[in-house]
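I have placed the structure first, in the form of structure tokens, so that the comments after it can refer back to it.
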Amino acid sequence: MKLSAPIRTSLLTLTTAALVTSGLLVMPAATAAPTPEQPAAAAAPDIPVADVQAHLGELQSIAEANGGNRAHGRPGYKASIDYLKGKLDAAGFTTSVKEFTSGGATGYNLVADWPGGDENQVLMAGAHLDSVASGPGINDNGSGSAAVLETALAVSREQLAPAKHLRFAWWGAEERGLAGSRTYVNSLSQTDRSKISGYLNFDMIGSPNPGYFVYDDDPAIEKVFKDYFAGLGVPTEIETEGDGRSDHASFLDAGIPVGGLFTGAGNTMSGEQAQKWGGTAGEPFDRCYHSACDTTENIDETALDRNSDAIAHAIWELSS
Ligand code: TRP
Ligand code: CA
Ligand code: ZN
């Protein structure tokens with residue numbers, strides 16, 4: 001309602017009682033229930049996809065400077081670790097690089113803890129950072145690595161103070177049978193394992209002919225992702241392209257609740273899937289899967305954007 005200047009001035013001189021009597025002010029009914037003092041959890045921020053793409057550009061450059069790949073035991077892998085660690089340290093994370101041996105070569109897991117939260121309830125999110133030797137591994141798995149990194153940086157920008165403790169991880173030697181994540185889970189005591197309330201895995205989330213697949217392992221985690229995509233009007237399917245083929249299997253085998261997202265690897269998109277997702281039927285989700293052409297050209301930006309935002313949403317929601 002807009003009031004003219006003289007009326008506004010005269011209202012200032014009236015008492016609340018006079019306003020109520022005059023009908024200008026409606027007081028809430030005495031019987032109205034008080035508003036509960038329970039604030040809703042803050043909504044997750046939008047993750048800028050350009051920032052995720054910038055990390056992919058850095059990972060591509062790292063591969064190019066190191067013989068074309070970022071594989072376990074090769075210099076491009078350690079350079080990838082150093083790049084992520086630098087960003088996380090600058091953002092206030094407590095980082096540690098954990099060495100292990102696989103196939104006679106040294107591997108590295110990078111773990112980044114966000115200070116605060118209940119250490120007896122740890123929410124983890126992770127991605128494998130190694131590529132295969134045949135290429136730079138930008139969709140597999142620069143995509144998951146960069147999106148988890150940018151989500152961690154968003155936690156820092158927002159100075160999130162969640163109820164749970166947040167821990168982000170980047171695994172080495174996934175392409176050698178989940179070696180890094182298995183080493184990590186094996187290194188935890190039974191008590192430490194029981195403190196992990198969930199592990200969220202992101203492996204290949206920017207496939208060029210993308211499907212929208214949600215892991216169906218833990219119903220509560222699955223629902224958070226499914227609801228998010230339903231809100232965007234994007235249909236999802238259950239992830240079925242090879243159970244136990246990524247690092248969530250290491251956690252699942254230890255009895256830890258897991259979830260995650262996936263846009264498809266070497267499998268072929270069906271006609272029905274092409275219709276619902278607007279892709280190309282009869283083509284693989286990722287025709288450069290484990291190939292030299294898995295470069296920054298091998299990314300669907302819309303899929304990368306939606307999945308990055310879904311990661312942030314899940315972390316905000318599941319840690320509150
Ligand atoms: N990292 C897997 C690999 O290189 C890719 C993959 C296949 C995957 N199937 C999956 C990842 C299912 C997550 C879920 O083989
Ligand atoms: Ca976004
Ligand atoms: Zn792979």
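The values are calculated or read from the model by the stated rules, or taken from the named source; none is laboratory data. These numbers come from a predicted model, not from an experiment. Cβ atoms come from the backbone with ideal geometry, glycine included; neighbour counts cover every protein chain shown.
Key figures for this structure:
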quantity: Residue selected from the stretch 301-320 under the condition assigned to a helix (DSSP H, G or I) and among the polar types (S, T, N, Q), by the criterion surrounded by the fewest Cβ atoms within 10 Å (Cβ to Cβ); calculated: T302
quantity: Top-ranked residue in the stretch 215-235 [being among the charged types (D, E, K, R) and free of Cβ contacts under 8 Å to residues at least 12 places away in the same chain; ranked as nearest to P257 (Cα to Cα)]; calculated: K223
quantity: Some residue of the stretch 257-275 being within 16 Å of ligand 2 (Cβ to nearest atom), part of a strand (DSSP E or B) and of a type outside the set (G, A, S); calculated: yes
quantity: The lone exception for E272 - which of (1) among the charged types (D, E, K, R); (2) touching a residue at least 40 places away in the same chain (Cβ under 8 Å); (3) surrounded by fewer than 21 Cβ atoms within 10 Å (Cβ to Cβ); (4) over 23 Å from S61 (Cβ atoms) it fails; calculated: (2)
quantity: Hey, L200 over 20 Å from G259 (Cα atoms) and buried (at least 19 other Cβ atoms within 10 Å of the Cβ) or not; calculated: no
quantity: Filtered residues of the stretch 159-175 (kept if within 16 Å of ligand 1 (Cβ to nearest atom) and closer than 23 Å to F225 by Cα); calculated: A169, W170, W171
quantity: Scan of the stretch 276-318 for residues that are of a type in the set (G, A, S) and either at pLDDT below 95 or within 16 Å of ligand 2 (Cβ to nearest atom) (or both), ordered by number; calculated: A303, S308, A310, A312, A314
quantity: Residue selected from the stretch 176-215 under the condition within 16 Å of ligand 1 (Cβ to nearest atom), part of a helix (DSSP H, G or I) and more than 20 Å from the chain's Cα centre (by Cα), by the criterion nearest to K276 (Cα to Cα); calculated: R176
quantity: Among residues of the stretch 273-299, those that are more than 23 Å from the chain's Cα centre (by Cα) and away from ligand 3 (no atom under 16 Å from the Cβ), counted; calculated: 10
quantity: Residues satisfying the stated conditions in the stretch 268-320, i.e. under 14 Å from F229 (Cα atoms) and touching a Pro at 6+ places or on another chain (Cβ under 6 Å); calculated: K276, A303
quantity: In the stretch 149-175, the residues that are more than 16 Å from ligand 2 (Cβ to nearest atom), under 16 Å from the mean Cα position of the chain (by Cα) and assigned to a loop (DSSP other than H, G, I, E, B); calculated: L160, P162
quantity: Members of the stretch 281-306 that are within 15 Å of ligand 1 (Cβ to nearest atom) and among the charged types (D, E, K, R); calculated: D286, R287, D294
quantity: Test: E150 is touching a residue at least 24 places away in the same chain (Cβ under 8 Å) and acidic (D, E); calculated: yes
quantity: Residue check, A32 at pLDDT below 95 and either more than 23 Å from L318 (Cβ to Cβ) or not polar (S, T, N, Q) (or both); calculated: yes
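Condition check ((1) more than 16 Å from L123 (Cα to Cα); (2) among the aliphatic types (A, V, I, L, M)) across all residues:
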residue: E175; (1), (2): yes, no
residue: L178; (1), (2): yes, yes
residue: R182; (1), (2): yes, no
residue: L188; (1), (2): no, yes
residue: I205; (1), (2): yes, yes
residue: G211; (1), (2): yes, no
residue: Y215; (1), (2): yes, no
residue: V224; (1), (2): no, yes
